[in-house]
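Structure record follows, encoded as structure tokens.
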């Protein structure tokens, strides 16, 4: 990829008790439809989550978080959403929700290497 390309990203959050509005950052999704890149990286810190809600359904949250990677892959294992174009997938994944798994509003940036940028954002915002 030559030169810098505009991308959008959002932070993936788990909000175990929506009524309390407390959350932990668990991942990042990054998309640049002009260059054809969409990717996500997720890691659930179970200890942090259980500190917010000792009764959180860890298995269900893990299953739902795994859907980000499946949808980003664009393969049939991601269901009908994964078959949409990149921009539509990103918009679907980052749509405002009042559920246990939410994303921040999208932010923008410029990058030469989107995979490296995804890794950097993940380290800065999640780890």
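Values quoted throughout were computed directly from the atomic coordinates according to the rules given, and no laboratory measurement underlies them. Owing to the predicted nature of the structure, the values given are computational and were not obtained by experimental measurement. Neighbour counts are summed over all protein chains in view; Cβ atoms, including those assigned to glycine, are modelled from backbone coordinates with ideal geometry.
What does the convex hull of the Cα atoms come to per residue for the chain, in Å³?
Normalising the Cα hull of the chain by residue number yields 94 Å³.
Run the numbers for residue 83 and residue 97: contour at 0.36 nm per residue of separation, minus the present Cα-Cα distance, in nm.
Residue separation times 0.36 nm, minus the Cα-Cα distance, leaves 2.9 nm.
Which distance in Å, rounded to a whole number, links the C-alpha centroids of segment 10-51 and segment 63-101?
Taking the Cα centre of segment 63-101 as reference, the centre of segment 10-51 is 13 Å away.
If packing is taken as the mean number of other Cβ atoms within 10 Å per residue, what is the order of 47-54, 29-36, highest first?
Sorting 47-54, 29-36 by mean packing, highest first, produces 29-36, 47-54.
Rounded, prolate or oblate: which fits segment 1-47, taking a ≥ b ≥ c as square roots of the Cα gyration tensor eigenvalues, rounded meaning a/c under 1.5, else prolate when a/b beats b/c?
Prolate, because a/c is 1.5 or more and a/b exceeds b/c.
How much mean residue ellipticity at 222 nm does the chain get from its helices, if each DSSP H run of length 4 or more adds -39500 (n - 2.57) and you divide by all residues, to the nearest 500 deg cm²/dmol?
Helix contribution divided over all residues of the chain: -10500 deg cm²/dmol.
Would you mind calculating the relative contact order of segment 1-70 from Cα pairs under 8 angstrom and at least 6 residues apart, reporting the percent as a whole number?
25
Using only Cα atoms, tell me the angle between helix 114-125 and the longest principal axis of the chain; keep it within 0 to 90° and round to the nearest 10.
30
Have a look at 46, 19, 83 and tell me which one the Gaussian network model of the chain (Cα, springs below 10 Å) gives the largest fluctuation.
Answer for the Gaussian network model of the chain: 19.
Once you put a point 7 Å from the Cα of residue 24 and another 7 Å from the Cα of residue 119, both along the Cβ direction, what distance in nm separates them?
Using points 7 Å along Cα→Cβ, the separation is 2.4 nm.
Stokes-Einstein D for segment 71-113 at 37 °C, 0.692 mPa s, Kirkwood Rh over Cα pairs, in µm²/s?
This corresponds to a translational diffusion coefficient of 279 µm²/s.
Please give the helix 58-73 orientation as an angle from the longest Cα principal axis of the chain, in degrees from 0 to 90, rounded to the nearest 10.
With both axes taken from Cα atoms, the answer is about 10 degrees.
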